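Rule-based calculations on the coordinates, nothing more; no lab input. Treat the numbers as computed from the prediction; the structure is a model and nothing was measured. Heads up, the Cβs are rebuilt from the backbone with ideal geometry, glycines too, and the neighbour counts pull from every protein chain shown.
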Amino acid sequence: MTAWLKELPKAELHVHLEGSIDAATLCEIDGTLSREEAEAGFRYSDFPGFLTAFGFVASRLRAPADYALAARRMFEGLAAQGVQYAEVTLSAGVVLWKGQDLGAVFDAVVREGREAAIGVAWNLDPVRQWGPVAGWPVVEFAASRVGEVVSFGLGGNEVTGPVEWFREQYKYARRHGLRLTCHAGEADGPASVWAALEAGAERIGHGFRAIEDPVLVRHLRDRGVPLEISVTSNVRTRTVPALSEHPVRRLYDAGVPLVINTDDPALFGVTLIDEYEMLIREFGFGRSEIEDLARNSFKYAFRGGF
């Protein structure tokens, strides 16, 4: 099964660059960090703790070369799994918050993407909990780099950074040719998903809590709005109480378009192949259904041609 999944054409549409950095790579980036310290920084027990761990990693990226190394390792890992294309989220808001040169950082990761064995495009995230004022430099930069950047979207804490704050940024992004995505229905309920749709989101990051609203489930199905599902992520962050309670099977059976992703593979200790294997083992997905999910990863990509 693993060999078949490796050969299966597939893409990764919801993966964060910073969350792909494992302990070994982080120690390579920050030579003052011991392996034990790095592994300790990766530990968490809930969603707020996960955000702290994500910040622990991101804070060690101090130069464009650090981001470049992280990107190189990420693309090597994806290629080794048979991934053909990835839309990678860069937490641009964090780069600016650290006082770094976003242009230099972005140029560094773009160069790595051009040399990678897979196709790469970028989604820029302002980090929603810091508010809409902090979001403007990110969306303006994204609009200035349309082509390499395919989309603008919100990550971070949807409870403390509601999408309503960013409606004007979403309008600006759309006017400038960017596609739109948004984390919603992860740490918050269906109302967050509705708000993301009203803001213009074309794909919903996570969105599994849509299952709590039958009207929303039908809306997603009828309008063909895909959910970027990352089951292991939701279990590890405790946004779903247990693996057996994840609604991925029910959402799929209800006809909601799903794309399978890893989200933050190093922080969650998972690969894309692991995610597909888990769907087979724990949720009874058959071969044809797995092939359907893999096709969705190309069908709902913001950049075609892969």
Alpha-carbon centroid distance for the pair the stretch 155-194 / the stretch 6-63, whole angstrom: 24
Sort out for me the Cα centre separation of the stretch 205-243 from the stretch 67-92, rounded to whole Å. 24
Prolate/oblate/rounded label for the stretch 27-123 (Cα gyration tensor, a/c 1.5): prolate
Considering only the other residues whose Cβ falls under 15 Å of the Cβ of Arg218, what net charge follows from Lys and Arg at +1 and Asp and Glu at -1? -1
Just want to confirm a number: the relative contact order over the chain, from Cα pairs under 8 angstrom separated by 6+ residues, in percent. 20
Cα gyration tensor shape of the chain, rounded if a/c is under 1.5, else prolate or oblate by comparing a/b with b/c: rounded
Counting just the Cα atoms, what span does the stretch 145-286 cover along each of its three principal axes? Round to the nearest Å and put the largest first. 43, 34, 29
Residue-wise, which Karplus ³J(HN,Hα) couplings in Hz belong to the stretch 170-175, taking 6.51 cos²θ - 1.76 cosθ + 1.60, θ = phi - 60°, and x for glycine or proline? 5, 4, 4, 4, 4, 4
Hey, could you pull the Cα Rg and Dmax for the stretch 78-159, both in Å? 13.2, 40
Amide N proximity, the stretch 241-283 versus Ala117 label position 7 Å along Cα-to-Cβ, cut-off under 16 Å: 272-273
With a ≥ b ≥ c taken as the square roots of the eigenvalues of the C-alpha gyration tensor of the stretch 123-198, please select rounded if a/c is under 1.5 and otherwise prolate if a/b is larger than b/c or oblate if it is not? prolate
